[in-house]
1. Inspect all residues belonging to the stretch B:101-108 and state whether any of them is at pLDDT below 95, outside any helix (DSSP H, G or I) and touching a Pro at 6+ places or on another chain (Cβ under 7 Å).
2. Having 1 or more residues that are more than 16 Å from the chain's Cα centre (by Cα) and among the polar types (S, T, N, Q) is the bar; report the strands (runs of 3 or more DSSP E) wholly within the stretch B:1-97 that clear it.
3. Scan (1) within 12 Å of another protein chain (Cβ to nearest Cβ); (2) modelled with pLDDT of 95 or more; (3) out of contact with any Pro (no Cβ under 9 Å at 6 or more places or on another chain); (4) surrounded by fewer than 24 Cβ atoms within 10 Å (Cβ to Cβ) for the single condition A:Pro10 breaks and write down its number.
4. Scan the stretch B:42-55 for residues that are more than 7 Å from every other protein chain (Cβ to nearest Cβ) and either in contact with a strand residue (DSSP E or B) (Cβ under 6 Å, 6 or more places away or on another chain) or within 13 Å of B:Tyr95 (Cβ to Cβ) (or both) and report the count.
5. Please go through the stretch A:121-136 and give me each residue that is in contact with a strand residue (DSSP E or B) (Cβ under 9 Å, 6 or more places away or on another chain) and either aliphatic (A, V, I, L, M) or touching a residue at least 60 places away in the same chain (Cβ under 8 Å) (or both), ordered by number.
6. One residue is enough: does the stretch B:117-133 have a residue meeting the conditions more than 19 Å from the chain's Cα centre (by Cα), surrounded by fewer than 17 Cβ atoms within 10 Å (Cβ to Cβ) and modelled with pLDDT under 90?
7. Working carefully through the options A:Ile123, A:Ile103, find the one that is away from chain B (no Cβ under 14 Å), among the β-branched types (Val, Ile, Thr) and surrounded by 15 or more Cβ atoms within 10 Å (Cβ to Cβ).
Amino acid sequence: MGAGSGFVIPYNAALGLRVVGIERAQAQATFTLPYDAKLVGNVDTGVLHGGAITGLIDACSGAAVFAALAEWQPIATLDLRIDYLRGGEPGRDIACRANCYRITRNVAFTRAVAYHDDEADPIATSMGTFMIATKAGVKK
Amino acid sequence: MTLIERLAEAKRTGDLQTLCDVVPYSRFLGLSARVDGDELITTLQFADHLIGNPALPALHGGTLGALCESAAIFELLWRAETAVLPKTITLTIDYLRSAGPLDTYARSIVTRQGRRVTNVHVEAWQRDRAAPVATAHAIFLVMREEPRPAASS
């Protein structure tokens, strides 16, 4: 889940995620995960842990779903698949662009790509599905 | 010592917590590991910064994904004779229930140990193990990746 609900998401803040842009017309969101030593997975290489990238992709994909919704509704991630294509480079921020390419009454479908500065040279790609909940509560 | 040497040392001495502590991100998340019977249980200790939905409140999906991926890596480091850090190729997380502001536990099953890749299934739960909050399956590269030879014409 991610931004768009009007309140601060503690875990997004803890990761240091920055919202770069939300484009409602394209149902698209772009986030950045600034490089931070506390998020490193391998101290020998300084490469960020996959878990931090999972957080970036989940948050950004959720924001793309919010961008696709006509009005705010709670959402819940159903599943998320992440393919790690190559390691990130130490010291460099990671960007994520996510699109909600299909939305129905109950379910939204997203794809996302994480990269340093060239989307054509991705670090990770992802597909996700989200449940659109009723305002009364998250029901599956 | 390199990371792999420190992990090998931790394995020799049975010091599971070192598995977590040598990874900065694991400390940030608040992971710990213990052996219970013949199972390696990884715990994500609840903390406010793990919240993804303050209204419910519920843990952020990213924290559960990270718990599952980490639990699978700890399992491989603990059980397998690996000279390299397992590299995640693909990770798929199914979110089954909203995870409340509680500690979350995970255990992994190696479903196939290959020479080059290993498949792992992970389950994560809170109060009731029979009602997991998330399951995941992950595929890891467990060998050093050599540069791909150039195609010959």
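1. no
2. Counting at least 1 such residues, we get B:51-53.
3. Evaluating A:Pro10 over (1) within 12 Å of another protein chain (Cβ to nearest Cβ); (2) modelled with pLDDT of 95 or more; (3) out of contact with any Pro (no Cβ under 9 Å at 6 or more places or on another chain); (4) surrounded by fewer than 24 Cβ atoms within 10 Å (Cβ to Cβ) leaves (3) as the failure.
4. Adding up the residues that qualify gives 3.
5. A:Ile123, A:Ala124, A:Ser126, A:Met127, A:Gly128, A:Phe130, A:Met131, A:Ile132, A:Ala133
6. Looking through the stretch B:117-133, none of the residues is more than 19 Å from the chain's Cα centre (by Cα), surrounded by fewer than 17 Cβ atoms within 10 Å (Cβ to Cβ) and modelled with pLDDT under 90.
7. Of A:Ile123, A:Ile103, the one residue that is away from chain B (no Cβ under 14 Å), among the β-branched types (Val, Ile, Thr) and surrounded by 15 or more Cβ atoms within 10 Å (Cβ to Cβ) is A:Ile103.
Results for (1) touching an Asp or Glu at 6+ places or on another chain (Cβ under 9 Å); (2) surrounded by 15 or more Cβ atoms within 10 Å (Cβ to Cβ), shown as yes or no for each residue.
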{"position": "B:Tyr25", "(1), (2)": "no, yes"}
{"position": "B:Phe28", "(1), (2)": "yes, yes"}
{"position": "B:Val35", "(1), (2)": "no, no"}
{"position": "B:Asn53", "(1), (2)": "no, yes"}
{"position": "B:Glu75", "(1), (2)": "no, yes"}
{"position": "B:Pro86", "(1), (2)": "no, yes"}
{"position": "B:Ser98", "(1), (2)": "no, yes"}
{"position": "B:Pro101", "(1), (2)": "yes, yes"}
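The values are calculated or read from the model by the stated rules, or taken from the named source; none is laboratory data. In this text the structure is predicted, and so the values were computed from the model without any measurement. So basically every Cβ, Gly included, is an ideal-geometry build from the backbone, and we count neighbours across all protein chains shown.
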